[in-house]
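This report concerns only the one structure given below.
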Amino acid sequence: MLATAGPLPTGPQDFAFEVKWDGMRVIARLDGSGGLGLRSRNGNDAAGRYPELAELAALLPGRGAVLDGEVIATDEHGRPSFGALQERMPLKRPEAIAAARRRRPVTLMLFDVLWLDGRTLLAEPYRERRAVLESLRLEGARVVTPPAWPGSAAVQAVDWTRAQGLEGWSPSACSPAICPAPAPGTGSRSRTSGPPTRSSAAGSPATPAAWP
C-alpha cells in the first residue's frame, strides 16, 4: 500500500487516519511453522538484520499471515527517527547486529493484514481488514498494532500525534479493496503542523502467489 497521486476522499466516511512513522516499510510473512520473513520495498529480506522482530511469530504461533507494517527506531527522546534506524540498516555481521540490538532496538508497527490462514484479504475494504488485524491482538515488546481513527476523528488523530511528538498522519481509503499494483486512489498524507500535502493510494508491494 504505497502512496501515489490521486483525488481526495469525498467525505470522512471514506477514509481512516493512521500514524506516519518515519521508518522502513516492510511486508511481514509468517509461514505457519515459526518462520518469519521481512521483505523491504527493494525486495530484500530484512529479518536477519532485526532479530528482535521474531517476536511476531511467537504472537501468532502456527498461523500463516502476510502483514503490512513499518520498522522503526527511536531517538533519545523516544520518538521515531529514520536517522536512528539507519544505524541498524547496513549491519550484516551477527556480533554487530547483536550489539546494535541492545543499543538501538527496533519495533514493528503493523497497520494492515493482507493474507491470513490461507485466505487473501485483498478484496476486503480497509475497515474489515483493520478489524481482522485488531482481532489478532498483536501487542508485544517489539511488535505493536498502533491506533487508527475514523475519518470523522481528525481532531483526535492530530491531537494524539502532536502529543506523541510524531511527524503526522496518513489517511487510508476505507471502501476500495487493495490493488496488486499501484492504481489511482483516495487518501492524503499530512504533517500535524499543516494541511494535507499530497494524496495517496493503495498498491500491494507483493503478489498473492508469493505468499504462504
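The values are calculated or read from the model by the stated rules, or taken from the named source; none is laboratory data. Keep in mind the model is a prediction, meaning the values are calculated, not measured. Here the Cβ is made from the backbone with ideal geometry for all residues, glycine too, and neighbour counts use every protein chain on show.
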| remark: Output for Cβ contacts, cut-off 6 Å, separation at least six or different chains, first residue assigned by TED's automatic domain parsing to the domain that holds LEU108 in segment 40-61, second assigned to a helix (DSSP H, G or I) and surrounded by 15 or more Cβ atoms within 10 Å (Cβ to Cβ), reads GLU52/ARG101
| query | Looking at this structure, is ARG29 charged (D, E, K, R), within 15 Å of the chain's Cα centre (by Cα) and more than 24 Å from THR161 (Cα to Cα)? | reply | yes
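May I ask you to verify whether GLY43 is modelled with pLDDT under 95, closer than 16 Å to PRO90 by Cα, outside any loop (DSSP other than H, G, I, E, B) and out of contact with any Ser or Thr (no Cβ under 8 Å at 6 or more places or on another chain)?
Answer is no for this residue.
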| request: Considering every residue within segment 104-118, establish whether at least one is modelled with pLDDT of 95 or more, under 16 Å from the mean Cα position of the chain (by Cα), among the hydroxyl-bearing types (Ser, Thr, Tyr) and in the same structural domain as ARG63 (by TED's automatic domain parsing). | output: yes
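Among the residues of segment 61-102, which ones are among the basic types (Lys, Arg) and either buried (at least 20 other Cβ atoms within 10 Å of the Cβ) or in a loop (DSSP other than H, G, I, E, B) (or both)? Steps first, please.
Keep residues of segment 61-102 that are among the basic types (Lys, Arg), which gives 63, 79, 88, 92-93, 101-102.
Those that are among the basic types (Lys, Arg) and either buried (at least 20 other Cβ atoms within 10 Å of the Cβ) or in a loop (DSSP other than H, G, I, E, B) (or both): ARG63, ARG79, ARG88, LYS92, ARG93.
Go through LEU116, LEU110, LEU136 for me and flag whichever is touching a residue at least 24 places away in the same chain (Cβ under 8 Å), surrounded by fewer than 19 Cβ atoms within 10 Å (Cβ to Cβ) and of a type in the set (A, V, I, L, M, F, W, C). Don't jump to the end; show me each part of the working.
Numbers: LEU116 fails: surrounded by fewer than 19 Cβ atoms within 10 Å (Cβ to Cβ); LEU110 fails: surrounded by fewer than 19 Cβ atoms within 10 Å (Cβ to Cβ).
Residue meeting the stated conditions: LEU136.
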| task | Give the residues of segment 98-121 that are over 16 Å from LEU30 (Cα atoms) and out of contact with any Pro (no Cβ under 7 Å at 6 or more places or on another chain), sorted by residue number. | result | ALA98, ALA99, ALA100, ARG102, ARG103, ARG104, PRO105, VAL106, THR107
| query | In segment 148-159, is there at least one residue being touching a residue at least 12 places away in the same chain (Cβ under 8 Å), charged (D, E, K, R) and farther than 21 Å from GLY35 by Cβ? | reply | no
